[in-house]
Structures are given as structure tokens and as C-alpha cells.
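As C-alpha cells, the structure follows; a few thoughts come after it.
The values are calculated or read from the model by the stated rules, or taken from the named source; none is laboratory data. Keep in mind that what you see is a predicted model, and the values were worked out from it rather than measured. For neighbour counting, all protein chains shown are included, and Cβ atoms are generated from backbone atoms with ideal geometry for every residue, glycine included. The area values use the complete protein model at the heavy-atom level, side chains included, leaving out ligands, DNA and RNA. Shrake-Rupley method; radii C 1.70, N 1.55, O 1.52, S 1.80 Å.
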Amino acid sequence: MLCVNTAFTSFIPRKPTCVFPSKSTTPISCTLQGTVAEPKSTAAAEPLLLNAVRGVEVERPPVWLMRQAGRYMKSYQTICEKYPSFRERSENVDLVVEISLQPWHVFKPDGVILFSDILTPLSGMNIPFDIVKGKGPVIFDPIHTDAQVNQVREFVPEESVPYVGEALTILRKEVNDNAAVLGFVGAPFTLASYVVEGGSSKNFSKIKRLAFSESKILHSLLQKFTTSMTRYIQYQADNGAQAVQIFDSWATELSPVDFEEFSLPYLKQIIDTVKKSHPNLPLILYASGSGGLLERLALTGVDVVSLDWTVDMADGRRRLGPNIAVQGNVDPGVLFGSKEFITDRINDTVRKAGNGKHILNLGHGIKVGTPEENVAHFFEVAKSVRY
């Protein structure tokens, strides 16, 4: 039975009102109506998100949202007015902590993700870049030759991004195991796509030209990113991250056979190495538009596969098998709909994911312009779900 409260805080129920499908005695949703009780502030022994990923029996799916700290929040917009540079906001300990905690203070998600960017390590690898408002990432000297790859340094996070470790440590203290603190990194192929293309791309012609005509150069670059991102995950875990998400956003631009050459082996190498040093660290893998690659994503050895909204959750669960947890996968556009519509989509996703080993999330990041009150409603309903 799936029951949904209508308020964010816990209720002292009087009488549940349930919705039944025709000719059935089993309710598909329930609304508990009563007086609002103050939420308890005691910290759980282990965050709900970690228990769910590990297959421990939980009463509801944990919930957090990609880009939950961002431009849809008025409080974030205020910070942007004072600090217009994204890199300044994401490379200053105090600002990183403040922005990361903004959704925590308002919505109390079950995951608090570090405010950062997958390109943050590039400067420490001798790849100059910036993130320009209205344009996005800009790589000042795109990499196309073997000589340029040789100039790429191995990333040493302790030296290049000490603010990341400091911020994660502070976040752990602030959240105090009432939620899981999440770190994240970019996957090798996705990072290579940015630095070869010179920024975002629509057709990925430059990296495909490199892959299909001078693959040795691309493989050398991918290996450098693999070694560096492995070390970055370990660094984040050592400084407070309780789970880490790997974003391979552009790997789905590859055909399955090319994914097996230019992405899969490097993801496996990262995950195998991290599992040796941090065997209890859950690793989440997200690749947008991954419907054609799901079974291959499972081969990486990752703990959680994050589905985008183009994959039916029930189909995704079936294709991935029972041993891998799933994350997602409500369409971010749903948050522009009515509260009733949002509620229905949450119920549908949770029902299709089944009981346990599911992290409720969107299928991509929250879109700019999303009504903040609809995000609040998403969390209210999600945290009221009961298996």
C-alpha cells in the first residue's frame, strides 16, 4: 500500500482517506488528515538514503533532486546578485556551504549534494576554463593533439581544490546524519567531450573525429581523467561525502559499441579502484538519455543507476535486475504542472520502482524557472510516501 500525507511534517492521524481502483479493496494512495505534529530532530543512526541503497528495509524511498541548489531558488538568486561569477560561488568554502544548505534548510531532502561543477578539477589539471553566464563552459585551449594531452597534469585535489574537502567536512557536521552528504564527479568521456569540443556541443563532431581517426590520443586523455577522477572520489569520501554520483552526461552520444570502448572500461576502472579503497561508499551513475545503454551501465559495477525520464521506471528496474538500486526518474517538466499532477507522477514512479533500493529523484536537474512552491510540494509528498 502506498500512502501519501498532504503536509511536509508528520501528522497525528484521525482517519485516513484512501483512493481505491475500481473493483478492488487495495488502496493506491491515502491521505492522512489530522493535526500537525512537530518533526523529531533526533539524528538517525544511518541516513535513510544509505540504508535504501544497501537494501535495508525502509519505510519510504529517500528523496533529493539534482540541481536542488540552484537558480529556481530566490535565496540563490540573491547570492548570484552579490557574487555573479559561478566559479567564485563554487570555489569559496563559505559560499559552497551556504548554497549547498539552502535546499536543506527549506525542504530537508534526504541527500545534500555539494554545490560544485564537474569541470571544477580542470584548472588543477592544467586545462584553463571558465563558466560564462549565458554561454556555459568555455575551454580556452581545446585539446586535439598528443602534445596537448601530455601537458595535462594528474589531478591532486588536496592541492587544487582544498575548498571542496573543507566544504564537505562542514556539511557533514551541519547535516549530522539526518541526510546523506553527496559528492560528485564527471566521468572521463563527458569531461573529455568538454575539453575537446571547447565547451558544450550539439553534435559532438570534434570528439568523434578524434575518437574515430586518432583514438590513441583520446584514450590517453581518458586515462588521465580516469586516474584523476578516481582520486577525486576518494578525496571527497575521505572528507565527508557519504555517496558520490558520477555524471556521464554525454556518454549516451556514443553508439553501444563505442560506449564499450570509450566509456565503459574507464567507468569500470574508477569503480573497481574506489571499491577497493572505499568498499562501503555507494556510487551512483547518471547518464541522460541512457535507455539504449542501461544493461551496459550495470556492467560498470556501480551501486545505483540514475534513470532519466525517457525510461519507464518499471522497465528500467526489470532491465537492470534486482541487485542494482535505481534513482529517479520524474520528468523535471512535471514540476511546472499542478500539485495534483506532481503527486500522481510521484506515486506512479514509486509504485513502478517497487519497495526498496530506490532513491526518488528527477530524471535530470531542476529547470530554471521552476516554481519554488512546486519543489516544496514535491518534497512534501515524497516524504509522506509509505511503502
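Observations, loosely collected:
- Positive-end residue, the chain charge dipole about Cα centroid, Cβ charges, pick of SER288, GLY321, ILE346: ILE346
- Working from Cα pairs under 8 Å separated by at least six residues, relative contact order for segment 328-387 is 50 percent.
- Ranking by accessible area, most exposed first, for TRP250, TRP104 with a 1.4 Å probe: TRP250, TRP104
- Altogether, the Stokes-Einstein calculation at 37 °C and 0.692 mPa s, with the Kirkwood radius of segment 137-291 over Cα pairs as Rh, returns a diffusion coefficient of 202 µm²/s.
- Per-q log10 I(q)/I(0), segment 250-299, q = 0.14, 0.15, 0.19, 0.27 Å⁻¹ (Debye; single scatterer per alpha-carbon; no solvent): -0.36, -0.41, -0.63, -1.05
- Distance violations [Cα-Cα > 22 Å] among LYS357/LYS383; LYS268/LYS367; LYS74/LYS339; LYS224/LYS268; LYS82/LYS383; LYS339/LYS367: LYS268/LYS367; LYS82/LYS383
- Percent of beta bridges antiparallel (DSSP, the chain, rounded to nearest 5): 35
- Relative to the globular-protein estimate of 2.2 N^0.38 Å, the Cα radius of gyration of segment 175-245 stands at 1.40.
- Accessible surface ranking for ASP248, ASP238, 1.4 angstrom probe, highest first: ASP238, ASP248.
- Based on Cα atoms of segment 256-378, Rg over Rh with Rh as the Kirkwood radius reads 1.01.
- Calculated FRET value between LYS276 and HIS105, using beta carbons and R₀ = 35 Å, to 0.05: 0.45
- For the pair SER255 and ASP177 in one chain, pulling the backbone fully straight at 0.36 nm per residue adds 24.0 nm over the alpha carbon distance.
- For the peptides 351-362, 85-96, residues were scored by their other Cβ atoms within 10 Å and the scores averaged per peptide; the highest-first order is 351-362, 85-96.
- Based on protein heavy atoms only, the chain ends up with 43 Å² per residue of surface accessible to a 1.4 Å probe.
- Its DSSP H runs of at least 4 residues, each contributing -39,500 (n - 2.57), put the calculated 222 nm mean residue ellipticity of the chain at -12500 deg cm²/dmol, to the nearest 500.
- Each 10 Å bin, from zero up to the one with the longest distance, holds this percent of the alpha carbon pairs of segment 82-170: 15, 40, 31, 11, 2.
- Shape descriptor for segment 57-116: Rg over Rh equals 1.04 (Cα atoms; Rh from the Kirkwood inverse mean 1/r).
- Distance histogram for segment 325-367 (every C-alpha pair counted, 10 angstrom bins, percent rounded to whole numbers): 31, 55, 15
- 5 angstrom amide H check on ILE113, placed H, neighbours 5+ away: LEU182
- Hull volume in cubic angstrom per residue (convex hull over the Cα atoms of the chain): 136
- Under the convention that each Lys and Arg Cβ holds +1 and each Asp and Glu Cβ holds -1, the size of the dipole of the chain around its Cα centre is about 900 debye.
- Most mobile of LYS208, LYS173, LYS224 in a GNM of the chain (Cα contacts under 10 Å): LYS173
- For segment 141-189, the normalised intensity computed at q = 0.25, 0.26 Å⁻¹ comes to -1.02, -1.05 (log10 of I(q)/I(0), Debye sum over alpha carbons, equal scatterers, no solvent).
- Solvent-accessible area of ILE217 with every protein chain in place, 1.4 Å probe, in Å² to the nearest 10: 20
- Centroid-to-centroid, using Cα positions, segment 195-214 and segment 239-308 are 21 Å apart.
- The chain: DSSP helices with Cα axial extent of at least 30 Å and average Kyte-Doolittle hydropathy no lower than -0.5: 215-238
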